[in-house]
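Peer 1: Once you've had a glance at the structure underneath, I'll fire off some questions.
The values are calculated or read from the model by the stated rules, or taken from the named source; none is laboratory data. None of these values were measured; they are calculated from a predicted model. Positions of Cβ are generated from backbone atoms using ideal geometry, with glycine treated the same way; all protein chains shown enter the neighbour counts.
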């Protein structure tokens, strides 16, 4: 986590300065980096939760959301939802105070975010100089233009308000008294859930370029099943599965910048090794957690939310009016796809295996729900669409649904096969697909998330969707570390809805 804080004195009454800053849509009139700004949905400029979409003068597009605003305290905070730069988890605040000696205003502007390690200095400088210092100067210029023409100079007050250092970057070196072992789930050979064995394994102190994380919650995902069985080669026995977790940093390597002991972080990426009380990791793909994102929700939703983000926006950019078919809609990823696709303006047709799951998906906003255990879902899709078919099908089931998904597609439809809970789809003659000019995609999670530049936009988009209420993540089903095999059995037998986590 990087923390940047800048402060200055504006030689103007506090009410005049606050009137400029509290207008969440007014920064295009004073900040030199902004070319155009608008509040989405016509919300008031001071409405908490409103989102401003702006175009930078260099052509970039960004979106920010107002998190809090207090006229009494003359304070506001906001977060970055989307940006052309990898300022992951960016949250900022503006605070004004009257200077006790004179009619001037103390202005503090601070933020915290997680940059890629190799771009930390560049991005800290950009935020410090191109955003904050440029903003200070621009407001002075605006107030000068409004004045009678006298020069407005920066001055230091004689009392009361102490200046804040220009940029403070939190960092703590590694400690030397780390535990030499940790409990973990080990796969000694590929196979069934019984191969998930609780063991005590060695855990050295973090290397200079690593941090050590004490996990609080670990996410359970179908990719863990594929690693356990050997279908994916991400895990080489003996090894520890798991690609998603949240926790607290307990030690920081001497060469690591931007993280400190006590920072709350999460991740959803290779290498495997999350099914453990503690682990060492390189920090490049860690995500800093703000106070409004709990460890449990981060571990339950980060990998699934990132997956939903690239499935709905990159693999196939869902457009308003499209018909979207979602299989396993009551599962962890499925629930997010249903809510998010509806928000994007699509007509959502969901398939589930039981009436109980159907009720869950209906509450999430699916327009039509098909219980495929008692009716042919392809025929039902054609009936519901008056023979047109679905524009896109999201299929994580695999063998049991692949042929039906093809039959349910519209002409020039898109089948996205992103999992195979029921087994591999087998061999197909691609000539059959020409009857509808069908497109088929088989996305690999790592190819969309293996660098900070790729991962950052999905993290920002997912957290923004959570904060705006576009998607909700229900309370996940919990297991303890020794019950990892039970979690896998429940997942494979489709005996669950929503997310599963291991409480460490």
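Condition check ((1) assigned by TED's automatic domain parsing to the domain that holds residue 415; (2) at pLDDT below 95; (3) buried (at least 24 other Cβ atoms within 10 Å of the Cβ)) across all residues:
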{"site": "310", "(1), (2), (3)": "no, no, no"}
{"site": "313", "(1), (2), (3)": "no, no, no"}
{"site": "325", "(1), (2), (3)": "yes, no, yes"}
{"site": "331", "(1), (2), (3)": "yes, yes, yes"}
{"site": "336", "(1), (2), (3)": "yes, no, yes"}
{"site": "339", "(1), (2), (3)": "yes, no, no"}
{"site": "342", "(1), (2), (3)": "yes, no, no"}
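Peer 1: If I ask for residues that are in contact with a strand residue (DSSP E or B) (Cβ under 8 Å, 6 or more places away or on another chain) and not in a helix (DSSP H, G or I), which ones from the stretch 389-411 would you list?
Peer 2: Within the stretch 389-411, 389, 390, 391, 392, 393, 394, 395, 396, 398, 401, 409, 410 meet the criteria.
Peer 1: Kindly provide the set of residues from the stretch 225-263 that are within 22 Å of residue 302 (Cα to Cα), out of contact with any helix residue (DSSP H, G or I) (no Cβ under 7 Å at 6 or more places or on another chain) and in a helix (DSSP H, G or I), ordered by number.
Peer 2: Result: 226, 227.
Peer 1: Something else about it: Which one of the conditions (1) touching a residue at least 24 places away in the same chain (Cβ under 8 Å); (2) surrounded by 17 or more Cβ atoms within 10 Å (Cβ to Cβ) does residue 370 fail to meet, given that it meets all the rest?
Peer 2: (1)
Peer 1: Take the residues in the stretch 13-67 that are out of contact with any strand residue (DSSP E or B) (no Cβ under 7 Å at 6 or more places or on another chain) and more than 24 Å from residue 108 (Cα to Cα), then tell me which one is surrounded by the most Cβ atoms within 10 Å (Cβ to Cβ).
Peer 2: 43
Peer 1: Still on this structure, please answer the following. Could you please let me know if residue 457 is under 23 Å from residue 242 (Cβ atoms), touching a residue at least 60 places away in the same chain (Cβ under 8 Å) and under 25 Å from the mean Cα position of the chain (by Cα)?
Peer 2: No, not satisfied.
Peer 1: What about residue 77, is it modelled with pLDDT of 90 or more, on the phi < 0 side of the Ramachandran plot, out of contact with any strand residue (DSSP E or B) (no Cβ under 7 Å at 6 or more places or on another chain) and not assigned by TED's automatic domain parsing to the domain that holds residue 282? Outline the logic, then answer.
Peer 2: On the way: modelled with pLDDT of 90 or more: yes; on the phi < 0 side of the Ramachandran plot: yes; out of contact with any strand residue (DSSP E or B) (no Cβ under 7 Å at 6 or more places or on another chain): no; not assigned by TED's automatic domain parsing to the domain that holds residue 282: yes.
Answer is no for this residue.
Peer 1: Does residue 378 fit the bill of being within 22 Å of residue 321 (Cα to Cα), in contact (Cβ under 8 Å) with a residue 12 or more places away in the chain and in a loop (DSSP other than H, G, I, E, B)?
Peer 2: In short, no.
Peer 1: Tell me, please, whether a residue that is in contact with a strand residue (DSSP E or B) (Cβ under 9 Å, 6 or more places away or on another chain) and either part of a loop (DSSP other than H, G, I, E, B) or within 14 Å of residue 268 (Cβ to Cβ) (or both) can be found in the stretch 476-487.
Peer 2: Just the residues of the stretch 476-487 that are in contact with a strand residue (DSSP E or B) (Cβ under 9 Å, 6 or more places away or on another chain), to begin with: 476-487.
Next cut, either part of a loop (DSSP other than H, G, I, E, B) or within 14 Å of residue 268 (Cβ to Cβ) (or both) only: 476.
Checked against the condition, which is being in contact with a strand residue (DSSP E or B) (Cβ under 9 Å, 6 or more places away or on another chain) and either part of a loop (DSSP other than H, G, I, E, B) or within 14 Å of residue 268 (Cβ to Cβ) (or both), the stretch 476-487 yields at least one hit.
Peer 1: I would also like to ask the following. Among residues belonging to the stretch 451-464 that are touching a strand residue (DSSP E or B) at 6+ places or on another chain (Cβ under 9 Å), more than 23 Å from residue 214 (Cβ to Cβ) and modelled with pLDDT of 90 or more, point out the one that is surrounded by the most Cβ atoms within 10 Å (Cβ to Cβ).
Peer 2: So the residue we want is 460.
Peer 1: Within the bounds of the stretch 52-61, is there any residue that is over 18 Å from residue 30 (Cβ atoms), assigned to a strand (DSSP E or B) and touching a residue at least 24 places away in the same chain (Cβ under 8 Å)?
Peer 2: So far as the stretch 52-61 goes, no, none of its residues is over 18 Å from residue 30 (Cβ atoms), assigned to a strand (DSSP E or B) and touching a residue at least 24 places away in the same chain (Cβ under 8 Å).
Peer 1: Return the residues of the stretch 72-89 that are in contact with a helix residue (DSSP H, G or I) (Cβ under 8 Å, 6 or more places away or on another chain) and closer than 12 Å to residue 126 by Cβ; say none if nothing qualifies.
Peer 2: Correct list: 83, 85, 86, 87.
Peer 1: If you go through the stretch 421-434 one residue at a time, how many are part of a loop (DSSP other than H, G, I, E, B) and either touching a residue at least 60 places away in the same chain (Cβ under 8 Å) or surrounded by fewer than 19 Cβ atoms within 10 Å (Cβ to Cβ) (or both)?
Peer 2: Total satisfying the criteria: 8.
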